[in-house]
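What follows is a set of notes on a single structure, which appears directly below.
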Amino acid sequence: MAKISKSSSNYFLSYMQTQIDSLKAMNRFGTAANYERTMRSFSEFMKGKDVSFRFFNESLVDRYNSYLVHKKLSRNSVSFYMRVLRAVYNKAVRQRLTKQNNPFENVYTGIDKTRKRSVGEFVISKLYKMKLSHDSSLELARDVFIFSFLTRGMSFVDIAFLKKNSIQDGKIYYNRHKTGQLMCIKIVPSIERIINRYIDKTDSFVFPFIETDDVVMSYKQYRLAINRYNKSLYKLSEMLDAGVHITSYVARHSWATSARKHNVPVSIISAGLGHTTETTTQIYLATIENTLVDNANDLIIDNLDLM
């Protein structure tokens, strides 16, 4: 996209660029990437033209919404773009660059429930026992996926940035990148075996994804690593039973589902995942809860004489 030269105090896209620059300066590269992705989309809709805050209104947002729908984006993807634009607009309002006209009032900015992303314990066991010594990239992806499951669904970003000094007295201590919450996980033999396969192959980090402490370079290495990780998981999915699809998120969802199947209270699962509220945990567990209710209903119906 061409560089925008208009005053950031009067024009939306110019102002959005200043917010992206500010996020990068604060090392918030993930959020900056989301803003850049949204900015590219909105700029394409605007055909490269910036828009004054005076004309950033409900009609414009509705037309952009229709543009995204016409491109056959999912409802959640459309909502993603709308939420980012709304965040930028509301910040401009708070900074008194424009008045609040509620331009997003008639577009969807929620998050729909998606298809359940988890696999059963038998899939985890089968994956763990796979002989993959012929392909080191697949072996690494498999080990990291299992490690994520064993460590209560540790996210890939936390695994990638996990440092050797995070391991102390038989436990893993780390702060979640997403929330900053301090997590502590007991190292059991199965976790230790995976750690030992990689810890001596790196300088500072447990796994061979990040090679520098430089924040800009390390983020680029992380983005490259997660793309490769998911591509390897796709290949592993093809080697498993038909219908199984594993991604970097699946291990986390699978741990939560497995814990619930073993009657672990939701409050404990929530703490294990590092969720700040149980509401988030309930989203993870919605499908398994429905299954338990269905099973209970089957038992009730089976005891009726309806034949």
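The values are calculated or read from the model by the stated rules, or taken from the named source; none is laboratory data. All values derive from a computational prediction rather than experimental measurement. Neighbour counts are summed over all protein chains in view; Cβ atoms, including those assigned to glycine, are modelled from backbone coordinates with ideal geometry. Protein only, heavy atoms only, side chains kept; ligands, DNA and RNA dropped before computing areas. Shrake-Rupley method; radii C 1.70, N 1.55, O 1.52, S 1.80 Å.
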Residue match in region 21-35 (condition: of a type outside the set (A, V, I, L, M), over 26 Å from Gly180 (Cα atoms) and without any contact (Cβ under 8 Å) to a residue 40 or more places away in the chain): no
Where Ser118 falls short, out of the listed (1) crowded, with 17+ Cβ neighbours inside 10 Å; (2) modelled with pLDDT of 90 or more; (3) of a type in the set (Gly, Ala, Ser): (2)
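Answer yes or no as to whether Phe156 is under 21 Å from Ala33 (Cβ atoms), in contact with a helix residue (DSSP H, G or I) (Cβ under 7 Å, 6 or more places away or on another chain) and surrounded by 18 or more Cβ atoms within 10 Å (Cβ to Cβ). Don't jump to the end; show me each part of the working.
On the way: under 21 Å from Ala33 (Cβ atoms): yes; in contact with a helix residue (DSSP H, G or I) (Cβ under 7 Å, 6 or more places away or on another chain): yes; surrounded by 18 or more Cβ atoms within 10 Å (Cβ to Cβ): yes.
Criteria met by Phe156.
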Residue among Val206, Val215 that alone is open to solvent by 50 Å² or more (accessible area, probe 1.4 Å), of a type in the set (A, V, I, L, M, F, W, C), under 24 Å from Ile167 (Cβ atoms) and modelled with pLDDT of 90 or more: Val215
Enumeration of residues in region 181-190 that are part of a loop (DSSP other than H, G, I, E, B) and either open to solvent by 50 Å² or more (accessible area, probe 1.4 Å) or farther than 15 Å from Gly170 by Cβ (or both): Gln181, Val188
Qualifying residue in region 253-261 (condition: at pLDDT below 60 and among the small types (Gly, Ala, Ser)): no
Meets criteria (in a helix (DSSP H, G or I), free of Cβ contacts under 8 Å to residues at least 40 places away in the same chain, open to solvent by 70 Å² or more (accessible area, probe 1.4 Å) and closer than 16 Å to Arg142 by Cβ) for Arg193: yes
Only listed residue being within 16 Å of Lys126 (Cβ to Cβ), open to solvent by 10 Å² or more (accessible area, probe 1.4 Å) and not in a loop (DSSP other than H, G, I, E, B), chosen from Ser258, Ser254, Ser232: Ser258
Residues satisfying the stated conditions in region 118-174, i.e. of a type in the set (Lys, Arg) and not in a loop (DSSP other than H, G, I, E, B): Lys126, Arg142, Lys163, Lys164, Lys171
Pairs where the first residue, in region 121-137, is closer than 19 Å to Tyr249 by Cβ and open to solvent by less than 100 Å² (accessible area, probe 1.4 Å) and the second is among the charged types (D, E, K, R) and modelled with pLDDT of 90 or more, C-beta under 8 Å, 6+ apart: Leu127/Arg142; Tyr128/Arg142
